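Notes to accompany the following structure.
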Amino acid sequence: MSPFDCVDHDILLSRLQSRFGLDGAVLAWIRSFLSDRTQRVCFGGRLSAEIALIFGVPQGSVLGPLLFLLYTAELFDITASLGLTGHSYADDTQVYISAPVVESQQAAVRLAECIERLDRWMGQNGLKLNAEKTQLMWLGLRHQLAKLTTSQLPLPTTTSSSTADIVSTANDLGVVLDSQLTMTTHVSSACRAGFFPATSVAVSSPISDDRGDTCLSFGLH
């Protein structure tokens with residue numbers, strides 16, 4: 001289930017009013033936008049009964065992702081309270097901390113505490129932190145990275161306790177980042193992705209136009 005489907009309408013409307021000052025006609029418009037939505041499922045050629053939706057924001061709309069970001073804005077209060085920064089794109093969130101190499105252990109502890117508090121907040125607001133997709137990457141120069149000793153980050157979530165391995169590359173919204181920000185991995189990946197279409201150029205047999213000249217056409221598949 002997508003996080004967009006888990007947004008509690010009552011919490012969202014209350015937060016829009018108390019935190020962002022939306023009231024009157026504007027709040028009524030948003031309530032109308034969320035209300036009276038129904039859903040049914042087709043499986044095996046048969047439709048299920050129609051049910052009213054009391055959770056979720058429409059993902060295919062312009063307003064839906066914006067409402068989700070407003071719903072989760074308190075996440076950044078948590079990160080800021082611990083001296084960390086972050087940003088989100090829809091339901092994808094990154095948290096950052098900057099520290100000297102000699103303080104990497106303390107930085108990892110603060111990051112783990114931040115994740116624990118974010119997970120607790122999510123549980124209280126109908127969301128769930130996906131520990132399996134949580135990754136940790138150190139960014140720095142080669143000689144700085146060689147001095148790091150932290151290889152895993154504990155993830156004590158409300159549902160389980162696991163660890164996040166330190167990765168050397170990560171896919172961030174289609175861009176493959178590496179720990180030294182050289183972009184080498186991303187360039188190689190893009191070249192590989194373009195290699196197959198380039199080798200699949202199909203050249204048609206020569207044809208003649210009205211003037212009797214030979215023309216050559218080709219296409220990418």
Quiz prompt | Calculated log₁₀ intensity ratio I(q)/I(0) where the Debye formula runs over C-alpha points of the chain, q = 0.07, 0.13 Å⁻¹ | solution = -0.39, -0.93
Exercise. Go ahead and estimate [θ] at 222 nm for the chain from helices alone: -39,500 (n - 2.57) per DSSP H run with n ≥ 4, summed, over the residue count, rounded to 500.
Key: -10500 deg cm²/dmol
Quiz item: For the chain, with only Lys/Arg (+1) and Asp/Glu (-1) charged at the beta-carbon, what is the dipole magnitude about the Cα centre, in debye rounded to 20?
Solution: 260 debye
Practice problem: Roll a 1.4 Å probe over the protein heavy atoms and report the accessible area of Asp178 in Å², nearest 10. | Solution: 10 Å²
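Given the convex hull of the Cα atoms of the range 25-134, what is a quarter of its surface area in nm²?
On the way: hull surface 39.3 nm².
With every direction weighted equally, the projected area is 9.8 nm².
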Exercise. Give the ranking of Thr182, Thr149 by solvent-accessible surface, highest area first, calculated with a 1.4 Å probe.
Key: Thr149, Thr182
Self-check item: Carbon plus sulfur fraction of accessible area for the chain, probe 1.4 Å, in percent
Solution: 57 percent
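Count the net charge of all other residues whose Cβ sits under 15 Å from the Cβ of Asp23, scoring Lys and Arg as +1 and Asp and Glu as -1.
Numbers: positive: Arg15, Arg19, Arg31; negative: none.
With Lys, Arg at +1 and Asp, Glu at -1, the net is +3.
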Quiz prompt | Fluctuation leader among Arg19, Arg46, Arg31 - the chain, Gaussian network, Cα springs under 10 angstrom | solution = Arg46
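The values are calculated or read from the model by the stated rules, or taken from the named source; none is laboratory data. Owing to the predicted nature of the structure, the values given are computational and were not obtained by experimental measurement. Counting neighbours? That spans all protein chains shown, and the Cβs are built from the backbone with ideal geometry, glycine included. All accessible areas refer to the heavy atoms of the entire protein, side chains included, with ligands and DNA or RNA removed. Shrake-Rupley method; radii C 1.70, N 1.55, O 1.52, S 1.80 Å.
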